[in-house]
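Novice: This is the structure, below, for whatever I ask next.
The values are calculated or read from the model by the stated rules, or taken from the named source; none is laboratory data. Nothing here was measured: the structure is a model prediction, and the numbers come from that model. Methodologically, a virtual Cβ is constructed for each residue, glycine included, from the backbone with ideal geometry; neighbour enumeration extends over all protein chains shown.
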Amino acid sequence: MSDMNRREFAEAIALASLAPLVGHRAGLMSFPALESGAAVVDPASLAKALTGAIRAQYGDRLLEADFDVIAHQIQAALERAAKLRKVPLSNGDEPDFVFSPVRAPSVG
């Protein structure tokens with residue numbers, strides 16, 4: 001049995017869905033496990049790869065300046081995600097608030 005947790009599994013699925021866009025065959029792509037909450041993949045290189053995937057699919061519709069903005073936004077999102085991964089959570093931790101709808105009193 002694998003020692004992969006839910007977060008690593010979800011990340012592996014997300015990366016596998018990008019494989020056709022970046023030109024990897026699914027059988028040859030490996031997903032290293034996260035160690036101590038930090039990703040093994042360099043965020044800058046991942047941002048470049050994802051920007052390359054966007055360039056391959058939408059290159060004829062975007063300008064070069066657009067790709068610079070996209071790369072910067074992807075890099076910022078990956079850095080925020082890395083910060084979030086460092087926050088220790090246990091299985092019993094609840095969200096900051098729990099949504100419970102208030103129903104209007106029934107008439108009649």
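Novice: List pairs: first in the stretch 88-104 and surrounded by 10 or more Cβ atoms within 10 Å (Cβ to Cβ), second assigned to a loop (DSSP other than H, G, I, E, B), Cβ under 7 Å, 6+ apart or cross-chain?
Specialist: As it stands, the answer is none, since no pair meets every condition given.
Novice: Continuing with this model, one more query. Taking helices (runs of 4 or more DSSP H) that fall entirely within the stretch 1-87, which contain at least 2 residues that are at pLDDT 90 or above?
Specialist: 43-58, 64-85
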